[in-house]
Each structure stands twice: as C-alpha cells, then as structure tokens.
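**Q** Sharing a structure below in structure tokens format, with a few things to ask.
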C-alpha cells in the first residue's frame with residue numbers, strides 16, 4: 001500500500017494534466033484542489049461493511065477479468081512439462097511456444113473466434129522467470145505477425161510484415177529486468193507485466209501447394225529462455241511433437257475466470273500489473289478491502305458474491321457482439337483500440353469475453369455481426385447472402401476473410417471443412433458485374449457457381465466476423481464498412 005500511496009503523491013498532478021482527450025470530449029485537467037486527495041484513502045484501520053466489500057468485488061471483477069484470464073492461462077502452462085500436441089491444440093512449458101502446421105481444427109475450444117486463414121502458434125510468457133528470445137525467420141512475401149500481449153491484453157511488441165521486421169533474434173524482457181543484452185539480438189521489447197501471451201499468425205492460402213510451402217518456415221518459429229541463446233538459429237519439427245492427453249470436449253470456451261476463486265487470485269494479479277496512471281486510488285481501494293477480507297470470512301464472502309453478480313449481469317452479456325462496440329451501418333460493429341485498451345475497461349473486458357487476443361488496429365481490423373440487415377438474430381434456419389460490390393472487399397495489404405461461428409463463437413465441422421472465405425480461397429466466383437456474393441446457409445447451393453462461394457452455417461444461432469489483416473487507410477479510418485447480411489428466404 002505504501003508504494004501505491006507514494007505513487008499517487010508523486011505523480012497525480014502530472015498524470016492528470018497529461019491525460020489524453022476523451023473520445024467525445026475535452027482533455028481532463030488536474031483538479032484545482034487535487035492536493036486535498038492526499039494522503040490517499042482508504043484508511044485501512046476503519047471497519048467496513050459487507051455491502052461495501054460486495055460493491056468493490058463487483059467492480060474489481062469487471063475490470064480485472066481480462067487480467068485474471070491471462071494469469072490463469074499462465075498457471076495452466078506452468079503445469080506443462082514438455083512441448084506436445086494436445087488434441088486439436090498444442091502446448092508448451094512457460095517461455096516456450098508450440099506451432100500448428102495447418103489451420104486450427106474445428107474442435108478447438110481454448111480461445112473463442114479462431115480463424116482458418118493462418119497457422120497459429122501459442123506460448124505463455126513468464127518474464128519474471130527469464131527473458132525470452134523470439135526467432136523470426138525469412139518469410140519472404142508471406143504475411144505474418146507475432147502478436148504478443150501483456151497481462152492486460154495490451155500489445156507491447158511490433159513484429160510482423162507491416163513493420164518491415166527483418167529476420168533475426170528479438171528479446172522480450174519484463175518490467176524490472178536490467179541485464180545485459182547479448183550480441184546478436186536485433187531489438188528488445190519490454191513488457192509492463194511479467195505475464196503475457198505470444199501468438200504467431202502465419203498466413204496460408206487454401207491450396208495444397210501453399211500448405212506444403214509454409215512448412216519450410218514453420219520450424220524456425222521458436223521461443224526459448226535467454227540462457228539458451230547462442231546466436232544460432234534453432235529449429236523444431238512441429239510435425240513430430242509427442243501426443244499429450246487432449247482437453248475434455250466442450251461446446252464452449254475453456255473457462256479461465258471463476259468468481260469463487262477471484263478474491264484469492266486478485267492480489268497476485270495486481271502485483272504483476274502495477275496501476276496505470278490514474279489507477280492508483282482504484283488499486284488502493286481494492287487492496288484495502290482484500291486486506292480486510294483476508295481476516296474476515298464474511299467480507300471475503302461478500303466480495304465473492306459481488307464477483308458472481310458481475311459475472312452474471314455484466315461480463316456474460318458482453319459475449320454477444322451486438323452488446324458492445326462502435327455501431328456501423330447494417331448492424332455491424334467494430335472497435336478501434338484493440339490491444340491498446342488503456343483504461344477503457346468496458347471494451348477490454350468485452351473483447352476478452354467474446355474474442356480474446358485481438359491484434360493491434362494496424363495489424364488487423366475486426367468487424368462483428370450477430371444480426372441480419374433487418375436487425376433479426378442470425379440463425380441457420382435461414383439462408384443469407386453477403387455481397388461485396390465490385391472492388392469492394394476489404395482494402396488490405398495483407399489479406400481479408402469472412403468467418404462464421406456457432407452460438408459459442410467456435411467452428412463446427414462441416415462437409416467441406418470450410419469456416420471462412422476470403423483471400424485464401426482461389427476458386428471464388430465473381431458475379432457478372434464484378435461483385436462477390438457469399439452464400440451463408442447450412443445446405444450446399446444447388447448452383448455450382450454459388451457452391452464455390454458457400455460458407456456452411458452450423459445449426460442454430462450464428463455470428464459473422466470480417467478480418468482485414470494489415471488494413472489500408474480506408475478500412476482503418478472507417479471509410480469502408482462491410483455490406484449488409486441479407487436474408488435470402
């Protein structure tokens with residue numbers, strides 16, 4: 001608590017005057033009487049009520065939900081002893097990653113809203129244990145990006161084709177690391193927290209030739225502790241990983257945040273995520289109640305009840321795309337601060353709940369859809385069309401795709417093993433006027449031309465999702481938005 005109070009005393013004035021302008025209003029200025037807030041509260045000697053503890057638990061659960069999510073993923077990977085294939089996914093010990101060698105399989109349930117446009121990798125960062133080295137091979141003309149986020153799901157690394165990244169070795173370090181950078185390291189990226197996730201994405205088109213060609217670069221995508229760095233490229237044959245027990249089958253995303261465990265986990269999470277400027281009082285309030293709850297089971301229970309209420313009434317509804325985001329024409333929505341959420345707690349938690357691990361806006365622009373053009377919920381009981389006008393697909397330097405998910409934001413196996421259409425597809429058929437119509441329906445269209453553009457719909461409620469990787473200005477700045485989803489029957 002002392003460190004937090006000192007931080008407030010030393011920095012509150014400069015923090016307030018430096019705060020950026022709000023999206024819809026003037027910049028916040030330091031209060032004329034800001035010094036009256038010192039010494040900072042709360043007074044930890046004061047008795048508090050259960051209702052107050054419940055309120056604090058409810059509030060903290062909402063804004064800390066993404067951090068607890070990433071933290072518990074780290075605890076999961078801490079149990080992994082060797083890099084292996086685990087059912088439809090892969091796993092690796094802390095500070096190492098594992099790569100798939102093809103598109104993700106539809107049975108994956110670890111991260112909602114996967115895409116079938118890239119070959120994925122995943123690795124959990126524990127930078128308090130060791131800095132890590134990331135290898136970047138020569139990808140040639142192939143699109144790639146290494147997404148790397150901290151405990152808050154904010155990006156702190158810029159590695160990808162859009163950055164002009166050169167092949168080499170890159171070092172990721174924690175906030176308190178002050179060691180010597182060895183010769184041969186191209187660049188150092190410092191994380192604001194010790195915990196994070198690394199997720200390479202390497203584009204692959206939907207042809208047998210490219211699925212063979214990509215195999216030449218995948219073995220050189222490697223992450224390992226700094227102590228193993230010798231300046232030489234390391235390779236791993238990802239096709240020969242041992243098999244580990246698969247996760248239990250599930251319809252929904254693996255659960256990573258539990259209200260009943262929240263009070264015990266939160267102190268550890270906050271210790272790894274120092275307050276952002278302006279968050280000092282928020283942290284002090286939560287930590288004071290946690291201290292009281294440690295010695296009073298009734299207060300701990302009240303905090304847990306507040307967390308459970310927030311989970312049900314605040315967090316769970318944000319799984320649905322229609323409940324958040326910037327509202328666009330034809331019922332599409334988007335966000336503009338992905339992986340740079342700052343203190344936008346609402347959007348950070350909404351994204352973490354519905355489709356965690358989004359790239360930075362200049363890396364990928366996302367568009368979400370739960371509704372058709374009339375505002376009715378998308379459902380496979382109907383047939384739909386999405387028609388991009390001539391030269392009207394997303395303007396990108398990388399690639400674009402339109403993906404389809406079931407009610408749980410996952411793929412469901414279908415006869416043609418297709419879950420997205422876009423740049424990767426080489427057989428899409430244009431209409432006579434140059435437009436492109438995608439047919440979203442459960443059964444294959446009878447017309448052969450339409451069948452080439454078929455996006456199979458899983459049973460029940462569905463969602464559509466446009467990705468524009470390495471978007472151009474018109475997509476980034478909102479001049480382009482997706483066309484309507486028209487009901488065809």
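**Q** Considering only the stretch 465-481, I want to know if a residue exists there that is closer than 22 Å to residue 415 by Cα, in the same structural domain as residue 402 (by TED's automatic domain parsing) and not in a strand (DSSP E or B). Break it down stepwise before answering.
**A** Of the stretch 465-481, the ones closer than 22 Å to residue 415 by Cα are 465.
From what's left, in the same structural domain as residue 402 (by TED's automatic domain parsing): 465.
Next, only the ones that are not in a strand (DSSP E or B) stay: none.
Looking for residues that are closer than 22 Å to residue 415 by Cα, in the same structural domain as residue 402 (by TED's automatic domain parsing) and not in a strand (DSSP E or B), one finds none in the stretch 465-481, hence no.
**Q** Among the residues of the stretch 170-200, how many are within 30 Å of residue 69 (Cβ to Cβ) and surrounded by fewer than 19 Cβ atoms within 10 Å (Cβ to Cβ)? Explain how you work it out, then say what you get.
**A** Going residue by residue through the stretch 170-200, those that are within 30 Å of residue 69 (Cβ to Cβ) are 170-179, 187-200.
Checking the rest, the ones that are also surrounded by fewer than 19 Cβ atoms within 10 Å (Cβ to Cβ) come to 175-179, 187-190, 192, 199.
Number of matching residues: 11.
**Q** Also, I was wondering about something else. Do the conditions hold for residue 239, that is, is it farther than 30 Å from residue 462 by Cα, loosely packed, with under 15 Cβ neighbours inside 10 Å and in contact (Cβ under 8 Å) with a residue 12 or more places away in the chain? Quick ask: steps written out before the conclusion?
**A** Numbers: farther than 30 Å from residue 462 by Cα: yes; loosely packed, with under 15 Cβ neighbours inside 10 Å: yes; in contact (Cβ under 8 Å) with a residue 12 or more places away in the chain: yes.
So residue 239 fits the description; yes.
**Q** Out of curiosity, is residue 381 over 30 Å from residue 277 (Cα atoms), assigned to a loop (DSSP other than H, G, I, E, B) and not assigned by TED's automatic domain parsing to the domain that holds residue 113? Before you say what the answer is, go through the steps one by one.
**A** Working: over 30 Å from residue 277 (Cα atoms): yes; assigned to a loop (DSSP other than H, G, I, E, B): yes; not assigned by TED's automatic domain parsing to the domain that holds residue 113: yes.
The answer is yes for residue 381.
**Q** Taking the criterion of being at pLDDT 95 or above, under 22 Å from the mean Cα position of the chain (by Cα) and surrounded by fewer than 17 Cβ atoms within 10 Å (Cβ to Cβ), would at least one residue in the stretch 290-299 satisfy it?
**A** no
**Q** Would you please name the residue that is nearest to residue 269 (Cα to Cα), looking only at residues in the stretch 44-79 that are in contact (Cβ under 8 Å) with a residue 40 or more places away in the chain and assigned to a loop (DSSP other than H, G, I, E, B)?
**A** Per the stated criteria, the residue is 44.
**Q** Every residue in the stretch 311-349 that is part of a helix (DSSP H, G or I), in contact with a helix residue (DSSP H, G or I) (Cβ under 6 Å, 6 or more places away or on another chain) and over 21 Å from residue 371 (Cβ atoms), please.
**A** Once the filter is applied, which keeps residues that are part of a helix (DSSP H, G or I), in contact with a helix residue (DSSP H, G or I) (Cβ under 6 Å, 6 or more places away or on another chain) and over 21 Å from residue 371 (Cβ atoms), the stretch 311-349 yields 311, 314, 315, 345, 348, 349.
**Q** A further question follows. For the stretch 446-464, give me each residue that is outside any strand (DSSP E or B) and surrounded by 15 or more Cβ atoms within 10 Å (Cβ to Cβ). Give the steps one after another, and end with the answer.
**A** Filtering the stretch 446-464 down to residues outside any strand (DSSP E or B) leaves 446-453, 457-460, 462.
Across the stretch 446-464, the qualifying residues are 450, 453, 457, 458, 462.
**Q** Is it the case that residue 443 is within 27 Å of residue 252 (Cβ to Cβ), outside any strand (DSSP E or B) and outside the structural domain of residue 159 (by TED's automatic domain parsing)?
**A** Numbers: within 27 Å of residue 252 (Cβ to Cβ): yes; outside any strand (DSSP E or B): yes; outside the structural domain of residue 159 (by TED's automatic domain parsing): yes.
Here the answer is yes, as residue 443 does meet what is asked.
**Q** Yes or no: residue 433 assigned by TED's automatic domain parsing to the domain that holds residue 400, in contact (Cβ under 8 Å) with a residue 12 or more places away in the chain, surrounded by fewer than 21 Cβ atoms within 10 Å (Cβ to Cβ) and more than 18 Å from residue 485 (Cα to Cα)? Let's see the steps before the verdict.
**A** Values: assigned by TED's automatic domain parsing to the domain that holds residue 400: yes; in contact (Cβ under 8 Å) with a residue 12 or more places away in the chain: yes; surrounded by fewer than 21 Cβ atoms within 10 Å (Cβ to Cβ): yes; more than 18 Å from residue 485 (Cα to Cα): yes.
Considered against the rule, which asks whether it is assigned by TED's automatic domain parsing to the domain that holds residue 400, in contact (Cβ under 8 Å) with a residue 12 or more places away in the chain, surrounded by fewer than 21 Cβ atoms within 10 Å (Cβ to Cβ) and more than 18 Å from residue 485 (Cα to Cα), residue 433 comes out as yes.
**Q** At pLDDT 95 or above, out of contact with any helix residue (DSSP H, G or I) (no Cβ under 8 Å at 6 or more places or on another chain) and over 25 Å from residue 359 (Cβ atoms), is that true of residue 217?
**A** On the way: at pLDDT 95 or above: yes; out of contact with any helix residue (DSSP H, G or I) (no Cβ under 8 Å at 6 or more places or on another chain): yes; over 25 Å from residue 359 (Cβ atoms): no.
When the stated conditions are applied, residue 217 does not pass them.
**Q** Any idea which of 308, 352 is more than 24 Å from residue 118 (Cα to Cα), in a helix (DSSP H, G or I) and either modelled with pLDDT of 95 or more or assigned by TED's automatic domain parsing to the domain that holds residue 124 (or both)? Walk me through it before giving the result.
**A** Numbers: 352 fails: more than 24 Å from residue 118 (Cα to Cα).
Going through 308, 352 in turn, just one is more than 24 Å from residue 118 (Cα to Cα), in a helix (DSSP H, G or I) and either modelled with pLDDT of 95 or more or assigned by TED's automatic domain parsing to the domain that holds residue 124 (or both): 308.
This table checks each residue for (1) under 19 Å from residue 338 (Cα atoms); (2) free of Cβ contacts under 8 Å to residues at least 24 places away in the same chain.
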position	(1), (2)
153	yes, no
169	no, no
178	no, yes
182	no, no
194	no, no
199	yes, no
204	no, no
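The values are calculated or read from the model by the stated rules, or taken from the named source; none is laboratory data. What you are looking at is a predicted structure, and each value in this text was computed from that prediction instead of being measured. Counting neighbours? That spans all protein chains shown, and the Cβs are built from the backbone with ideal geometry, glycine included.
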